[in-house]
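Novice: My structure is below; once you've seen it, I'll send some questions.
The values are calculated or read from the model by the stated rules, or taken from the named source; none is laboratory data. Just so it is clear, the model here is predicted, and its values are computed rather than measured. When we count neighbours, we look across all protein chains shown, and the Cβ atoms used for this are built from the backbone with ideal geometry, even at glycine. Side chains are part of the model used for accessible areas, which takes the heavy atoms of the whole protein and leaves out ligands, DNA and RNA. Shrake-Rupley method; radii C 1.70, N 1.55, O 1.52, S 1.80 Å.
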Amino acid sequence: MVAYQLDLPDELSQIHHTFHASQLWKTVADDSAMISLDDIQVDEFMNYVEKPIAILNKKTKTLRNKVLSLVKVQWQPRKAYEWTWEPEVEMREHYPKLLTAADFWDEV
């Protein structure tokens, strides 16, 4: 078995610090992709927490027999160029205030 053990700061002492080699992959260092440790939030179960900060766009996607409404979400603490498409229904359920701030709902 090949495993790597990370030297984590004391603030992350509750995170398991040993990883099997199959869980790691080569990457090219990109300073713009780095997130400060102060920006990382974890909940009481040590899960990484991201919060949506803006709805950027809306679109509909047609599947075989279903039309799915999606919204483009900007997340914090991700960088400005990182976003995801999420189901509008789920975003309305979990973040209704964020969706009321979007001003393009009648455009699509």
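Novice: Scanning segment 47-87 for residues that are among the hydroxyl-bearing types (Ser, Thr, Tyr) and more than 22 Å from THR100 (Cβ to Cβ), which turns out modelled with the highest pLDDT? First the steps, then the outcome.
Specialist: Quick first cut of segment 47-87, residues among the hydroxyl-bearing types (Ser, Thr, Tyr) only: 48, 60, 62, 69, 81, 84.
Filter once more, so that each one left must be more than 22 Å from THR100 (Cβ to Cβ): 48, 62, 81.
On the way: TYR48: 74, THR62: 93, TYR81: 63.
Filtering segment 47-87 for residues that are among the hydroxyl-bearing types (Ser, Thr, Tyr) and more than 22 Å from THR100 (Cβ to Cβ), the one modelled with the highest pLDDT comes out as THR62.
Novice: Still on this structure, please answer the following. Within segment 1-33, can you find the residues that are open to solvent by less than 90 Å² (accessible area, probe 1.4 Å), at pLDDT below 80 and either more than 28 Å from GLU44 (Cα to Cα) or over 23 Å from the mean Cα position of the chain (by Cα) (or both)?
Specialist: Passing the criteria: ASP30, SER32.
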